[in-house]
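The values are calculated or read from the model by the stated rules, or taken from the named source; none is laboratory data. Source: prediction; values computed, not measured. Methodologically, a virtual Cβ is constructed for each residue, glycine included, from the backbone with ideal geometry; neighbour enumeration extends over all protein chains shown. When the accessible area is computed, the model is the full protein with side chains, heavy atoms only, and any ligands, DNA or RNA have been set aside. Shrake-Rupley method; radii C 1.70, N 1.55, O 1.52, S 1.80 Å.
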Amino acid sequence: MDCPECGSDTIVFAVEPDLREFLPGEEPGAALCPRCLSVRPVTEPPDSAPDFAPLGDAFPSKTDAAVPMALLLGLVSSLALYRTEIAALLERVERAGVDPLLVLDRLDDDPSIESEVDLARRRHQLEQLL
C-alpha cells in the first residue's frame, strides 16, 4: 500500500481494540509511512505481526510499544487537539519499556525520514507533557 502523501510503501498493521480510540474512524488497522511518518486508518489490516524494520533501529520492534508509538506519530501534528490521547500513548509506550522521546530524537536524526512535523520541536513540547 502506497502512502498518499509521498508514494512510499507503508507499514500496515492491525490496531488492537483498546487502542482504536487513538485512530480516527472505526477501522481496525493503520498504515504508517516510514518516509514521511504519516499515519492513516486501514480497513483490512494483515493478521500477521507488523514489521517496523523499514524505520530502522530508531523505532521499537515489539508490537506492544511499536503500535502505540505509530499511533502517537499520527496524532503529534495536532498536539493541542489530541493532548489527552498523546499523553496516554506516551505512557503506554513507556510502560512497554521504550523511551518515546528518544524514539522521536532518533527518527528526527534519520536522513531517510522527511516528516512534515518538526519532530525536534514536538519532542520538546511532549517533554513538558510527561
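Within the group 116, 85, 27, which residue is open to solvent by 40 Å² or more (accessible area, probe 1.4 Å) and in contact with a strand residue (DSSP E or B) (Cβ under 9 Å, 6 or more places away or on another chain)?
Sole residue among the options that is open to solvent by 40 Å² or more (accessible area, probe 1.4 Å) and in contact with a strand residue (DSSP E or B) (Cβ under 9 Å, 6 or more places away or on another chain): 27.
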For this session: Evaluate segment 50-64: report whether one residue or more is buried (at least 17 other Cβ atoms within 10 Å of the Cβ), under 14 Å from the mean Cα position of the chain (by Cα), of a type in the set (Lys, Arg) and closer than 24 Å to residue 129 by Cβ.
Result: no
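Yes or no, residue by residue, for (1) modelled with pLDDT under 95; (2) open to solvent by less than 60 Å² (accessible area, probe 1.4 Å); (3) within 16 Å of residue 106 (Cα to Cα); (4) of a type in the set (S, T, N, Q):
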| site | (1), (2), (3), (4) |
| --- | --- |
| 12 | no, yes, no, no |
| 70 | no, yes, yes, no |
| 73 | no, yes, yes, no |
| 81 | yes, no, no, no |
Exercise. Which of (1) surrounded by fewer than 13 Cβ atoms within 10 Å (Cβ to Cβ); (2) without any contact (Cβ under 8 Å) to a residue 24 or more places away in the chain; (3) over 21 Å from residue 3 (Cβ atoms) is the odd one out, the single condition residue 47 does not satisfy?
Worked result: (2)
Problem set entry | Residues that are over 16 Å from residue 38 (Cβ atoms) and part of a helix (DSSP H, G or I), drawn from segment 49-65 | 53, 56, 57, 58, 63, 64, 65
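If you check 24, 41, 4, 46, which single one turns out to be assigned to a strand (DSSP E or B), on the phi < 0 side of the Ramachandran plot and either within 12 Å of the chain's Cα centre (by Cα) or not charged (D, E, K, R) (or both)? Walk me through it before giving the result.
On the way: 24 fails: assigned to a strand (DSSP E or B); 4 fails: assigned to a strand (DSSP E or B); 46 fails: assigned to a strand (DSSP E or B).
So the residue among 24, 41, 4, 46 that is assigned to a strand (DSSP E or B), on the phi < 0 side of the Ramachandran plot and either within 12 Å of the chain's Cα centre (by Cα) or not charged (D, E, K, R) (or both) is 41.
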